[in-house]
Each structure stands twice: as structure tokens, then as C-alpha cells.
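Input: a single structure, listed below in C-alpha cells.
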Amino acid sequence: MKKKYQKYADFAFVYIEEAHPTGGWTFKHQQSINEHQNLQERIAAAQKIHNVTEEIPIYIDGMDDKLNRMFGAYPERLYIIKNNKVEYQGKMGPFGYKLDEVENWLQKNFDVQQ
């Protein structure tokens, strides 16, 4: 999606607390990521994610989880922010994580050539 819409929008990840830490409820294919005890551990975990998604910048929430709480992001959520205003707020993930809704919004709100 980033390649298709990069001239219309900037894309970024905000890494918050780990939803599936090692020792908790995890996926079999998931990388081993412990629950973060400090910012350095959160940064290291975010780096593992960034290694897979290098073309999209990743920002890291502080240990106070301020962004997570402000945006109700746990375990994951999609947002579109335009001119400092939330234009689209997806439902909470994983079931509310709908990239097609984001793409539909981008197509409707920008003159996107198919």
C-alpha cells in the first residue's frame, strides 16, 4: 500500500507494548519478544519489527504508554491523520484492522490514479 499511495500520504508504525510477549499468548511463527521492562528492551523489540518493514519508519511509544492510551491502540489500530486531525480511526485489532478501509479512504480523498 505504501508504494501505491506514497505520493499522497506518509506511512509510519508506532510500536507500543508487545501484544504477544514470550511467555504469554503467542503465535507459532512469531519472533521471540519478551514483555518490555525498560525502554531499551522496547527499542530492541521495535528493531526486530523494523527489520521486516524497513521501508516504513517506526516510532516507539515510551514506557509510560502515553500514545497507546491516547489513541486506544492496544493491541493494534489503524489511523489516518490529516492536518493534525484524526480523519479515520479503525476499530481495535486484530479483527478491526482493515487495510481495505484505509485504502478506500485514500482513494476517496485523493485523486489516486488506478
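What to note about this one:
- The residue that is nearest to the chain's Cα centre (by Cα), among those in the stretch 34-76 that are in a loop (DSSP other than H, G, I, E, B) and closer than 19 Å to M92 by Cα, is E76.
- Filtering the stretch 59-75 to residues that are within 23 Å of Q6 (Cα to Cα) and loosely packed, with under 15 Cβ neighbours inside 10 Å leaves only Y59.
- The stretch 1-35, subset among the β-branched types (V, I, T) and at pLDDT below 85, residue surrounded by the fewest Cβ atoms within 10 Å (Cβ to Cβ): T22
- Residue in the stretch 100-114 that is modelled with the highest pLDDT, counting only those that are loosely packed, with under 10 Cβ neighbours inside 10 Å and in a loop (DSSP other than H, G, I, E, B): D111
- Scanning the stretch 52-87 for residues that are among the small types (G, A, S) and at pLDDT below 90 returns G72, A73.
- So Y97, is it in a strand (DSSP E or B), under 17 Å from V14 (Cβ atoms) and of a type outside the set (A, V, I, L, M): no
The values are calculated or read from the model by the stated rules, or taken from the named source; none is laboratory data. This is a predicted model, so every value here is computed, not measured. FYI the Cβ positions are ideal-geometry reconstructions off the backbone, even for glycines, and counts take in every protein chain you see.
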